[in-house]
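Notes to accompany the following structure.
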Amino acid sequence: MRNLFSVGAQARRVPSLLAKSLFTTLDPRASGRRTAILAAGIVASSFGLLAACSFVVDFDDDDLPCPCDTDHVCLVSSNRCVERNSVELFKSCDQNTSPPGGDDLCPAGAICRAVNGRGPRCLPQCTPVEYATVDSGAIVAAACPILTTCWPLGGAQGGVGVCSEGVCEEVPNTCEGAREQCVGFNGAGVCFSTCELTEEDSCGPGLVCTVIGQGPVTACVKAGILGRGELCSSTELCEKSDEDGRTLMCGRPQVASNPPLRCLPICFRDADCPEPRKQCDLAITNLDPFTGTDLGVCAIE
């Protein structure tokens, strides 16, 4: 680089020297028009040399054509290289890249995806939840920035989600379905198909009616495979009912010891629970705000 700047410095001296020569050549006492044209050509060539030197020094290596080095990503449609991880979170990204998919344009921990009708953007990755446990809100808040929630990508990417904005407002409820209700998690609205806990099989095959978050909305979610008494979570839910036909919920009683979540039969009174304990422990307060009805879970035998 020292040699280039040295050449540039020498080149910058050429125009002034040749200009002086030009003025001398253009003197009326000089040899005439052909000499003047020759001098002018030399000056033009000198400026061309200077421009070439400047190009070598100032060229921007972030605007190179593909293929790119390991620090850059190729935008196939424009055949240009751009810096890896250069697109900010929640900004648009191009999926037509090499390597394919556009993920390398995004910051670490984010991928280039389109969800809920928005174009491809760099979105933080997260693990989707079913919103069917009392700690669902806290889990989403720990995984996603405020005003976003975790949306599942589905398909071959099952188990993977991205953080993005909500699709509805709670008040007034802007979900389109007749029985749909918007529930906010981390400031982002999600639409749920509501149901009644007391109505048998109100959700259809493979679905179970359960409490969403901490209530009071009850809605249909995908049933899990865990049986009565087994430990469960917001990502591993219970089967629809136990061997006696009682609806199972991934929950726990409201007690000081704060026990782990388990698949427990729901109840409204002690008589709803099996022998030998026949004990209905409070799990959700004011499940129905209009009647003040609470929801319980049957104590483990």
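Applying the Karplus parametrisation 6.51 cos²θ - 1.76 cosθ + 1.60 with θ = phi - 60° to the phi angles of the stretch 138-147, what ³J(HN,Hα) value in whole Hz is obtained for each residue in order, glycine and proline being reported as x?
5, 5, 5, 4, 6, 9, 10, x, 4, 6
Run the numbers for ASP244 and ASN85: contour at 0.36 nm per residue of separation, minus the present Cα-Cα distance, in nm.
Gain in length upon complete extension: 51.8 nm.
Give me the net charge of ASP104's neighbourhood, meaning all other residues with Cβ under 14 Å from the Cβ of ASP104; Lys, Arg count +1, Asp, Glu -1.
-3
Rg and Dmax in Å for the stretch 61-126, alpha carbons only: what are they?
Cα-based Rg and Dmax for the stretch 61-126 come out at 11.4, 37 Å.
Under 14 Å from the Cβ of THR127, count the other residues' Cβ atoms, weight Lys and Arg +1, Asp and Glu -1, and hand me the total.
-3
Sorting check: for 289-299, 244-254, which peptide has the highest mean count of neighbouring beta carbons within 10 Å, and how do the rest follow?
244-254, 289-299
What are the ³J(HN,Hα) couplings of the stretch 167-184, residue after residue, when phi is run through the Karplus curve with 6.51, -1.76, 1.60 and θ = phi - 60°? Round to Hz, x for glycine and proline.
10, 7, 10, 6, 10, x, 5, 9, 5, 7, x, 4, 10, 8, 9, 7, 10, x
According to a simple spin-label model (label point 7 Å from Cα along Cα-to-Cβ), what is the distance in nm between ILE300 and ALA178?
The two pseudo-label positions are separated by 4.3 nm.
In bins 10 Å wide, starting from 0, what share of all Cα pairs of the stretch 63-203 does each bin hold, as a percent?
12, 33, 29, 16, 8, 2, 0
For the stretch 181-301, report the translational diffusion coefficient in µm²/s to the nearest whole number, using Stokes-Einstein at 25 °C, 0.890 mPa s, and a Kirkwood Rh over Cα pairs.
168 µm²/s
What residues have an amide H closer than 5 Å to that of GLN214, excluding those fewer than 5 places away on the same chain, when H is modeled at 1.01 Å from N in the peptide plane?
none
With θ taken as phi - 60° and the coefficients 6.51, -1.76 and 1.60, list the Karplus ³J(HN,Hα) couplings across the stretch 260-272 in order, rounded to whole Hz; mark glycine and proline as x.
x, 5, 9, 7, 10, x, 6, 7, 10, 7, 4, 5, 6
Using the 2.2 N^0.38 Å rule of thumb for compact globular proteins, work out how the stretch 145-223 stacks up: its C-alpha Rg over that value, please.
Output field value: 1.15.
Please list, in chain and number order, the residues 5+ apart from GLU180 or on another chain whose amide H is under 5 Å from its amide H, with Hs placed from the backbone.
Here the answer is THR194, since their amide H atoms fall under 5 Å of that of GLU180.
Every number in this text was worked out from the coordinates using simple rules, so none of it is lab data. Note that the structure is predicted; figures quoted are calculated from it, not measured. Neighbour counts are summed over all protein chains in view; Cβ atoms, including those assigned to glycine, are modelled from backbone coordinates with ideal geometry.
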